[in-house]
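Report on the following structure.
The values are calculated or read from the model by the stated rules, or taken from the named source; none is laboratory data. The model shown is predicted, which means the values in this text are computed figures rather than measured ones. Note that each Cβ is placed from the backbone with ideal geometry, even for glycine, and that neighbours are counted across all protein chains shown. Accessible surface areas use protein heavy atoms only, side chains included; no ligands, DNA or RNA. Shrake-Rupley method; radii C 1.70, N 1.55, O 1.52, S 1.80 Å.
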Amino acid sequence: MAVSTILIAFFIMLAVMLVGVPIAAVMALAGIVGGVLAFGWPLVETMGAVVWGVQNENLLTAIPLFILLGELLLRSGIADRMYGAMSMWLGFLPGGLLHTNIGCCALFSATSGSSVATAATIGTVAMPTLDARGYDKAKALGSLAAGGTLGILIPPSVNLLVYGSMAEQSIGQLFVAGIVPGILLTLCFMAYIGYTHRHERRESADVFSLADKVKASTALLPPVIIFLIVIGSIYLGIATPTESAALGVTTALGFVLFHRKLSLDFLNRCFVQTAKTTGMVLLIVTSAFILNVTLSLTGAAQSMTSWIASLGLSPVGLLLALVVFYLVLGMFMDVLSMQVLTIPIAVPVITSAGIDPVWFGIFVVLMCELGLITPPVGMNLYVVQGVRLDGGPFIDVVRGAVPYVVIMLVFTLLMIAFPNIALWLPQTMFQ
């Protein structure tokens, strides 16, 4: 297939998405129409088997389980107690509760797997306190929007599950590969907050005794224990990603029961929201696989790989070009759409250039994180704007998020220069 045809088809799909047609419908139609034009109607008749195969893929069962895990912790009040405990430990730092925002987002990310859920949950808990203490609106909202992006990097991550499924990579290695970058990016956010608030008066840290802090720290145990069970069971080889997700859900139910929040109404709300989110995710994934059939049979990926190779770009040059591409794309598309639209073509290209596909999974997620806080379609920006109490202008959130966009771009360049930031831990643990 000619490269010009592929590029024209890609931009037509992008244009149709931007006018509001659902991404799943666009990709399914593109796959079906392209298949009919290239091979005739018999190809379409074979796609039923593709849909059946995707819906019966054991690995994808982990998606609703991880979504349910986040819902259980979101609706059980654990996040409220977690925020209070974290503020006791981090409140003395320059920037005070802004550090708590980042720290809580990172910790909640270790159970949620969703950036939007992380930003919404921590934002809802944090905004009343931030407003009461007079924090600058832009800085407070920006820290919540940026902290929420950690939800798709720190494992378990639904987006890493989608990438692993589409790129045929080990979910266990992808999860482990996200740990070090997730921690380092969290520390980078906190370092920025500390530096920009270094001349401000610190909040008193001696209000709470060490005994009070230790006692409150029990609220931090649920996400830590769940994270260790999920990642530990995968690393030790005693559970698949799907089984580890089930273990995480079972543990979360235990904490919900311990806090006496378990009821039929509670479970109904968790299950209904999980079903809605799962339906949306799996519909998009299924449509992506339909499109992949046409891309594979028409040789689109091979044509793009050959074309990129003919440009003579080095691996670093290719990645820098992809940074610009994803940055622009992220301004107009949501995270899942970006992934399923680009992974089928990008992975063969980067693999042929000698770039590790596990490392590339973390790179793609970082690029998707950028898309979450870049206007005009940055989902986390709108989520955080939605939970603020004063109904102020949207530009406050954008202003507050811009420094974190710069930090994430610099961090991405560091990962390109030092790929072992993402690869060292999985290579060490899975050798």
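In this structure K276 has an accessible area near 130 Å², from a 1.4 Å probe over the protein heavy atoms.
Taking the protein heavy atoms of the chain in the context of the full set of protein chains, the accessible area attributed to carbon and sulfur is 70 percent at 1.4 Å. Taking the charge dipole of the chain about its Cα centre, with +1 at Lys and Arg Cβ atoms and -1 at Asp and Glu Cβ atoms, the residue from G84, L187, L311 reaching farthest to the positive side is G84. Applying both filters, DSSP loop and at most 15 other Cβ atoms within 10 Å, to the GluC sites (Glu not before Pro) of segment 192-278 gives E200. Over segment 133-229, the ratio between the Cα radius of gyration and 2.2 N^0.38 Å evaluates to 1.39. Largest accessible area first, the listed residues R133, R260, R81, R388 line up as R260, R133, R81, R388 when surface is computed with a 1.4 Å probe on the assembled protein chains.
A Cα-only calculation for segment 1-103 places Rg and Dmax at 23.4, 67 Å. For C188, the solvent-accessible surface computed with a 1.4 Å probe is close to 50 Å², ligands and nucleic acids excluded. Protein-only accessible surface at a 1.4 angstrom probe places the residues L93, L221, L185 in the order L221, L93, L185, largest first. From largest to smallest, the equivalent ellipsoid semi-axes obtained for segment 216-358 from the alpha-carbon gyration tensor read 40, 19, 15 Å. Ranking I234, I32, I395 by solvent-accessible area of protein heavy atoms (1.4 Å probe, all protein chains present), from largest to smallest, gives I395, I32, I234.
Highest GNM mean-square fluctuation among Q173, Q385, Q273, for the chain modelled with Cα contacts below 10 Å: Q273.
Direction-averaged projected area, Cα convex hull, segment 292-426: 9.5 nm², rounded to one decimal. Its Cα centre serving as origin, the chain has a Cβ charge dipole (Lys and Arg +1, Asp and Glu -1) of approximately 740 debye.
For the options V383, V249, V21, a Gaussian network treatment of the chain with springs between C-alpha atoms closer than 10 Å singles out V21 as fluctuating the most. Working note: Cα gyration tensor of the chain, eigenvalues times five, square-rooted, sorted largest first, giving semi-axes of 37, 24, 20 Å.
For segment 181-272, the share of alpha carbon pairs falling in successive 5 Å distance bins from zero is 2, 10, 11, 13, 15, 16, 12, 10, 7, 2, 0 percent. Using heavy atoms of the protein chains and a probe of 1.4 Å, the accessible area assigned to T342 is about 10 Å².
The residues of the chain expose, per residue, 42 Å² of accessible area to a 1.4 Å probe.
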